[in-house]
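The block underneath contains the structure these notes are about, expressed in structure tokens.
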Amino acid sequence: MGAATGGPVRPTPVWHGSAGVLTSESLGETGGGRGGPGSFRRLTLRAPEVAQAARPGQFVHVLCPPGPDPGRAFLRRPLSLHDADPAAETIRLVFRVVGPGTRALAALRSGDELDLIGPLGNGVFPVLGDRPAILAGGGMGLVPLLLLAKRLVREMDRRAVPAPLTLLAGVSGSAELALVELFEVLEGQAEMAVASEEGAPGTVRGLVTDLLETALRRAALRWARRPAVYACGPRPMLAAVQRLVEKAGVPAWLSVEERMACGVGACRGCAVPVRGPARYRLACLDGPVFGAEELDFAETPPGEAEKTPTGSGGERS
Ligand SMILES: Cc1cc2nc3c(=O)[nH]c(=O)nc-3n(C[C@H](O)[C@H](O)[C@H](O)COP(=O)(O)OP(=O)(O)OC[C@H]3O[C@@H](n4cnc5c(N)ncnc54)[C@H](O)[C@@H]3O)c2cc1C
Ligand code: FES
């Protein structure tokens, strides 16, 4: 696939080294706000090489330091690039504390160092900027959409094309609203709607895919140019997005949340079923972003049975 349709594009230089922790913040009220189970944290790291090369949809592979659990998380853990500022030479990561690796990351403090490799992933979100864009994120799938939204706004400004940006967020309940607050920096630059399964205050009860269905219907009436859809979230959500965009006939790119081990294409543990003769592609190397038309949601990825979702919003298939 070419750059206009997603899939692998020109590989970016990959850096391996020690990134300095500038800030480590808790987000929202969950987990006592101190790195407890289910809490959300944001790390700001000094990583000039990664900040320069970062493209929306890419991730870094972090070596978690020894944490509160006995031993340490042996394998690196993949985390999406939430934000990247080449001028400030910083990147931002946002994570939910779910196990030993993220518990150790939650214990990092300003002045600590974090061993990371990145940016990784050759399948990235294309920054079109020449048409309306609809971004849909479910749960932790919201994390990579901030960098994408910022780059789209910049590209739309550069082209002086008034192309509206719509952000649709799906959360399970009020605890996940901390993830939605991360997008307040886009105020005045994007329209936003939030769906939650429990009908949390300020949200529409339902799924992010319900919001997307409505947004696509409105887009056909409002805009001469078909929008581009960008989505990240759990597999059932992405399958529903694929059905909606195919019905509406709009281009879309989906970022998958496969479990990863090596992160660089060596172990083949992150195979994703795709349509066509190739049958499988690797989330870490070929993705994590794929053109919506590529992915085959009728097939179960190898190892799917072992997975439990880390995010929410749109799980109804
Ligand atoms: C490309 C990519 C980007 C990611 N970006 C982020 C991010 O920005 N923020 C974030 O919080 N998390 C993100 N994740 C998930 C993150 O990597 C895991 O939450 C983390 O590795 C868990 O490590 P742990 O040692 O704390 O927990 P573990 O003990 O390894 O896992 C705890 C629980 O989470 C489940 N789990 C772990 N990874 C996944 C996964 N990928 N999909 C579904 N279930 C999983 C496990 O089955 C287990 O039930 C991303 C994953 C991928 C593949
Ligand atoms: S994680 Fe090893 S090949 Fe993708």
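The values are calculated or read from the model by the stated rules, or taken from the named source; none is laboratory data. It should be emphasised that the depicted structure is a prediction, and the values quoted were computed from it without experimental measurement. Here the Cβ positions follow ideal geometry from the backbone for every residue, glycine too, while neighbour counts run over all protein chains shown.
Of the strands (runs of 3 or more DSSP E) lying entirely inside region 189-265, not one is found with 2 or more residues being more than 16 Å from ligand 2 (Cβ to nearest atom) and either at pLDDT below 95 or out of contact with any helix residue (DSSP H, G or I) (no Cβ under 9 Å at 6 or more places or on another chain) (or both).
For residue 104, the conditions (1) over 24 Å from residue 228 (Cα atoms); (2) assigned by TED's automatic domain parsing to the domain that holds residue 233; (3) assigned to a helix (DSSP H, G or I) all hold with the exception of (2).
Of the residues 116, 165, 179, 221, which single one is under 30 Å from residue 264 (Cα atoms) and outside the structural domain of residue 75 (by TED's automatic domain parsing)? Give the derivation first.
Numbers: 116 fails: outside the structural domain of residue 75 (by TED's automatic domain parsing); 165 fails: under 30 Å from residue 264 (Cα atoms); 221 fails: under 30 Å from residue 264 (Cα atoms).
Only one candidate passes the filter, namely 179.
Considering only residues of region 274-302 that are among the aromatic types (Phe, Trp, Tyr) and in contact (Cβ under 8 Å) with a residue 40 or more places away in the chain, which is farthest from ligand 2 (Cβ to nearest atom)?
Pass one, region 274-302, residues among the aromatic types (Phe, Trp, Tyr): 280, 290, 297.
The next check asks that each one be in contact (Cβ under 8 Å) with a residue 40 or more places away in the chain; those that pass are 290, 297.
Values: 290: 14, 297: 19 Å.
That would be 297.
Restricting region 266-275 to residues that are assigned to a loop (DSSP other than H, G, I, E, B) and over 18 Å from the mean Cα position of the chain (by Cα), the residue that is nearest to ligand 1 (Cβ to nearest atom) is 269. Given the criteria closer than 27 Å to residue 188 by Cβ, at pLDDT below 95, touching a strand residue (DSSP E or B) at 6+ places or on another chain (Cβ under 9 Å) and not in a strand (DSSP E or B), does residue 140 qualify? So residue 140 fails the test.
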